[in-house]
Structure formats: C-alpha cells, structure tokens
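These notes are about the structure you will find just below.
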Amino acid sequence: MENFIVSARKYRPATFDTVVGQSSITTTLKNAIKNNHLAQAFLFCGPRGVGKTTCARILAKTINCFNITESVEACDQCESCISFTQGHSLNIYELDAASNNSVDDIRNLVDQVRFAPQLGKYKIYIIDEVHMLSQAAFNAFLKTLEEPPKHAIFILATTEKHKIIPTILSRCQIFDFSRIGIEDIADHLAYIAGNENITAEHDALHIIAQKADGALRDACSIFDRIVTFAGNNITYKAVIENLNILDYDYYFKITSQILSSDIPNCLLTFNEILNNGFDGHNFTNGLSEHFRNLLVAQDPITVQLLEVGVNIKEKYKNQSQQCGRDFLVRALELNNKSDLNYRISKSPRLLVELTLMQLCTLASGVAPMQEKKNPIAPAERPLSTQQLPAQQVQVPQGQPVKPVATELPPSARPVDPVSAKPSEYPKITVDPSVQAAEKKQPAVGMGGALSLKDMLKKNKIEDAPADPASPVNQSAVPFTAAQLGKAWNDYAESMKNQGKVSLYTTLMMRQPELHENYTAFFQLDNKVQEDALKSEMPEILGYLRSKLNNYSLVIKTEINKVAAEKRPYTAQDKYRRMTEINPAIQDFRQQFDLDID
C-alpha cells in the first residue's frame, strides 16, 4: 500500500515562481540573488501557512546552486540541488527554536558558523519560530548575527514579530508576508484537483479558501478532508455539510422574507437554522456580511470586492437590485447593535428575533420606534408649520379652496418648537380672496370641512409678527416666579426620566430669579456647569416659553463667585485645601517626590 502524502507537502512550492500569493517578496529575493545583494540575515514574519519556511528553503537552495537559470531559479540538477532535494545537504541547517531555545543550543550553532562550507558558496542557517528563543539565547546570538563570516547567511522565521527584541530586528532584513488571497488559494486548489483527477466545483473551492483564512497550508488540509469525505467529486453541498457552514441560500432566503416584511416565515427560518446546530451569534455576523455584500454588489465599481464564487456573485447582483441603499445601511446598523449586545443579553435568541422583526418593519417603510426626546406634551406644543398652508392660494371668488401639493419654501419649512427662537417662526399671510371664498364655502382639508380662519382660531394663533420683539405680535401672558419655578422643576424632572442625571442635578441646585421684562437669572457654581447648560438652553427656553405661554421670556446665566471660590475643582485647588487642613501632607509629597495630579 502506497503511503499517502498530504497535499500541503506533496504540492509544496519548490521554486520562486510557484510560491502562491507572495509575488512582491519572491521578486525582491530573486533580484537580490541576481544582483549579488544578499543580506547577512533575513527575517520572514507573517501568519501561519503563508510560505515563510518554504521561501527560506527555496532561497537557501537557489543561492547555493551552481547553474542558476536565467529566471533566477535553481537548476535541480547540480550536486548542491540534488543533495538538498534528497535531504542530506551539509550546507543548509534547519533549527527549530521552539525546542532548541537555550543558550547552549545557540552556542553550538555559533561554533559551527566558523567552518567554511564543503560544497557551494554559503552555509545557510534557517531558524524557525525564532521568537521562542530565551532572552539569554538572543543575547548570545547578537554578535554573530551582526558580524557573521562571509560564507554564513541566517534566515529567521516567526509568526510573532513583536516578541523579538529590537536588537535582533535591527540586524535583519525584514520581509512581512501577507495573508494569501481567496482567489489565489482557490486557483491553487483547482491546480491540485486537476493533478489528482478530482472534480471540484468552483464555489466549493471558494468556500474552502474562505475557511482557511489566508493560510494555504490550512486550505490544503481542509481540501484533503473534503476529498476523504466526498471522494473524487467535491460539490458545494458536500463542503458546507462537512465544514458545518451556514449556507448562502439561507441568507438569500431570509433576506427575501425581510424585504417582503414576512415576519412569521422569517422567524421560522431562523428557528430552522438553530435546529441545524448553528449559533445565533454566527448567524448575526453572517447576515451582516450578507448585507455588506449586497451593498457592494449594487455598484459595478465595487462588485470586485465580493470574495465569492461566480454563481454566488450573480445571486448577489440580482438580489441587490431589490434593496435600497438606505435600507441596507440601516440594516447593517441594526445588525451591528445586535452583535454588540449578544454576549451580554440574557435572552440572545429573543435579541436576534427582535432584530429580524425590526428589519422586516424597516423594509416595509416603517422606521423602528425611536425613544421620544421632547419633554413637551403634544397638547402643549405650538402649531407646526406642517399644519399651515404651503403658499398663498389664489382662488376666484365663489370657488372652493383646493389643497395645493407644493414643496415648502425655506421660510415655511417645519421649525422645531423647542429649539427655535420666536423670530424663527414662519410668517402666516392669507390672501383676501381666500378669506372671501371661505365665508361663502368652507375649504376641505385633511381633517374635514374646516376653513383656514377656523383652523387658526382653533389653535389660538394669529398672524405672525413682523417684529418678533413686539409684545403685540407675540404671546406674552404674565406669570409669577412660582409659576416659573414649577415649570423649571417639571423640565428638570423630565431630564431625570431621560437619564440626564447631571443636567437634572445642575437645574435643581437653585431656582431662577425673575426680574423685570420677563428676564430670569440662574446662578451656577463654575464654568463647566455654565457651558453644559448653554448647550441645553434652546430646549429649556422653548419648553418654558410654551409652558408659560410667554415668548418674551429670556434666561441669563451667571457664575456665583463666592461658591466657585469655596469649592475646589482642580487638582491644585484640592491639594491647596488639603494642605490647609493638614500641613504634613506637603512634607509627605516632597519626601516621596509625588506629583499633584
């Protein structure tokens, strides 16, 4: 019975041109050999399975070859190449630093470096997993690495570059190996399958390449496992079944259900996924990746970012045409929120189901419920400009007024009743012909037969003032200090209910003092409180004006200098106060050379 050799060893690259996914590094090494610019020490670092040790062996073999080809590759026919291929070359040493990491092991290596090579130009020392060397071993290796004999070349390889001391790094020419691309791995697996007379679907090889996470050796191991499972015919279904991967079809199916707002079937599909043994967190991450791929597939420029097979890519293109860009962006936000909350949730299944229901609601055009931020009750808010006519309507006398669907001009667009100043409220003008028509026949609006004049009377709004400061054109109902204090406390309580505890504490420190011309003064203890309150002042002022029905109200803030001087805020103030109470603290600080901060 013939011994089985795993694909990672059987198809291990033997020349620079056959190295997968590291063309920039192999080109640099070939040029170094061609121009005789070889460094005394190389450091190959990068993730596992990307070709570090393979490149080290190819480099060692090539620089000792007697008949280097024009493409700067080893000839595989000279005595040096044959001895290397058969594994008994006396000029190339491989050392595993994970098991030979002591000072004595490095001393033995240094003693061997002194002797010239028996065959060829160089002695090459390949030290794998060099980060496993001890600190003492690194120090013993420093001098030899810095000034080795002319015939010695060191090639170090590691997966953890950060563990190597800087003095070693400074003596090496560093090459950073990157993860191998999915397409490169899939093409290499297709090459192996062709040599082994194995039929493999392109999508199946793509799944294996994605599962390998940039490591070619891992991809070859997975490939061997699938061949053992499925035989000489590797299908997409066999790969996802053996690797326990959630199928793309599930994501396409559940996305179609989301787009049709089919909540029941969406929940049933998720239940089927759980019953098949998949984790809810993996499903959430996979759904986010699916939405990302749909977003990428919408633009011909970015469709190249899809790292999937040809058939799957066409499915993404077709489904992406059914999704709006805004929907995909908001769906990604919802999924990201679910991903962050999954580990801390006591009911993770309910969390994912709630996210799916929100996605279905989002797809139907109804935004998910948002937390109300406005503390003003609906009955107390001023009339929004959305209830007012968009423009003057010219109608002949005796004709009913028909609603006109036009875009609101900037002066008549909705104004936030909380943050807006009185001068920002829109001016309302009514054409005389419209008034005459209303007297004869009422206008039909969204709420039934109601004239514009009746609507204005119902909401107690007169024509907007030309001069905002004029008390005749604005509501300026007198109020007392007690009424102001009650409205102030009500707003503070609403901030507390919204979780803004610091703002609530600041507002409840004192009551505003009412002065002439509806001007109130509020004292604060420091500049920090004043800056925080100023950012909230438009909301506070809008609420109080609406509550008191007085848009002439003005609130001014000032810092209480006495309170500011009494209370220490900075580290220096606190230290000064402590030394006043206990002078020994100053001696203690000086004795131990402590900073005030």
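The values are calculated or read from the model by the stated rules, or taken from the named source; none is laboratory data. All values reported here derive from a predicted model rather than from experimental measurement. Cβ placement follows ideal geometry from the backbone for every residue including glycine, while neighbour counts extend to all protein chains displayed. Accessible surface areas use protein heavy atoms only, side chains included; no ligands, DNA or RNA. Shrake-Rupley method; radii C 1.70, N 1.55, O 1.52, S 1.80 Å.
Mind checking whether some residue in segment 14-23 is more than 27 Å from His88 (Cβ to Cβ), within 40 Å of the chain's Cα centre (by Cα) and of a type in the set (Ser, Thr, Tyr)? Looking for residues that are more than 27 Å from His88 (Cβ to Cβ), within 40 Å of the chain's Cα centre (by Cα) and of a type in the set (Ser, Thr, Tyr), one finds at least one in segment 14-23, hence yes.
Anything in segment 528-546 that is open to solvent by less than 10 Å² (accessible area, probe 1.4 Å) and of a type in the set (Gly, Ala, Ser)? List them, or say none. Gly542 - this is the single residue of segment 528-546 that is open to solvent by less than 10 Å² (accessible area, probe 1.4 Å) and of a type in the set (Gly, Ala, Ser).
Only one entry in Asn293, Asn282, Asn311 is part of a helix (DSSP H, G or I), within 25 Å of the chain's Cα centre (by Cα), surrounded by fewer than 16 Cβ atoms within 10 Å (Cβ to Cβ) and at negative phi, namely Asn282.
Would you confirm whether or not segment 141-148 contains a residue that is open to solvent by 40 Å² or more (accessible area, probe 1.4 Å) and either in contact with a helix residue (DSSP H, G or I) (Cβ under 7 Å, 6 or more places away or on another chain) or within 24 Å of Thr54 (Cβ to Cβ) (or both)? No. Yes or no: segment 482-502 includes at least one residue that is crowded, with 17+ Cβ neighbours inside 10 Å, part of a loop (DSSP other than H, G, I, E, B), at pLDDT 50 or above and touching a Phe, Trp or Tyr at 6+ places or on another chain (Cβ under 9 Å). Scanning segment 482-502, I find no residue that is crowded, with 17+ Cβ neighbours inside 10 Å, part of a loop (DSSP other than H, G, I, E, B), at pLDDT 50 or above and touching a Phe, Trp or Tyr at 6+ places or on another chain (Cβ under 9 Å), so the answer is no.
Go through segment 261-279 and count every residue that is in a loop (DSSP other than H, G, I, E, B) and surrounded by 13 or more Cβ atoms within 10 Å (Cβ to Cβ). Talk me through it step by step, then tell me what you get.
Initial filter on segment 261-279 (in a loop (DSSP other than H, G, I, E, B)): 261-262, 276-279.
Still in the running and surrounded by 13 or more Cβ atoms within 10 Å (Cβ to Cβ): 261-262, 278-279.
Looking only at that region, the number is 4.
Restricted to segment 174-222, and to residues there that are crowded, with 18+ Cβ neighbours inside 10 Å and aromatic (Phe, Trp, Tyr), the residue that is nearest to the chain's Cα centre (by Cα) is Phe177.
Yes/no per residue for (1) under 18 Å from Asp224 (Cα atoms); (2) in a strand (DSSP E or B); (3) in contact (Cβ under 8 Å) with a residue 40 or more places away in the chain:
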residue: Asn3; (1), (2), (3): yes, no, no
residue: Pro13; (1), (2), (3): yes, no, yes
residue: Gly21; (1), (2), (3): no, no, yes
residue: Thr28; (1), (2), (3): no, no, yes
residue: Ala32; (1), (2), (3): no, no, no
residue: His37; (1), (2), (3): no, no, no
residue: Leu43; (1), (2), (3): no, yes, yes
residue: Pro47; (1), (2), (3): no, no, yes
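Determine if segment 63-70 includes at least one residue that is modelled with pLDDT of 85 or more, under 40 Å from the mean Cα position of the chain (by Cα), closer than 21 Å to Asn91 by Cβ and not in a loop (DSSP other than H, G, I, E, B). The answer is no; no qualifying residue exists. Evaluation of Arg171 against the conditions (1) in a loop (DSSP other than H, G, I, E, B); (2) free of Cβ contacts under 8 Å to residues at least 60 places away in the same chain; (3) surrounded by 17 or more Cβ atoms within 10 Å (Cβ to Cβ) shows that the sole unmet condition is (2).
Among the residues of segment 82-94, count how many are in a loop (DSSP other than H, G, I, E, B) and either open to solvent by less than 70 Å² (accessible area, probe 1.4 Å) or of a type in the set (Val, Ile, Thr) (or both). Explain how you work it out, then say what you get.
Narrowing segment 82-94 to residues in a loop (DSSP other than H, G, I, E, B): 87-91.
Filter once more, keeping what is either open to solvent by less than 70 Å² (accessible area, probe 1.4 Å) or of a type in the set (Val, Ile, Thr) (or both): 87, 89, 91.
Residues in segment 82-94 being in a loop (DSSP other than H, G, I, E, B) and either open to solvent by less than 70 Å² (accessible area, probe 1.4 Å) or of a type in the set (Val, Ile, Thr) (or both): 3 in total.
Among the residues making up segment 95-140, those that are open to solvent by less than 50 Å² (accessible area, probe 1.4 Å), among the hydroxyl-bearing types (Ser, Thr, Tyr) and farther than 18 Å from Pro166 by Cβ are Ser102, Tyr122, Tyr125.
Across segment 223-239, what is the total count of residues that are open to solvent by 20 Å² or more (accessible area, probe 1.4 Å) and in contact (Cβ under 8 Å) with a residue 24 or more places away in the chain? Break it down stepwise before answering.
The first filter runs over segment 223-239 and keeps only residues open to solvent by 20 Å² or more (accessible area, probe 1.4 Å), leaving 224-225, 227-233, 235-237.
If we keep only those that are in contact (Cβ under 8 Å) with a residue 24 or more places away in the chain too, we end up with 224, 227, 232-233, 235-236.
Count: 6.
Scanning segment 127-146 for residues that are among the aromatic types (Phe, Trp, Tyr) and more than 13 Å from Leu109 (Cβ to Cβ) yields nothing.
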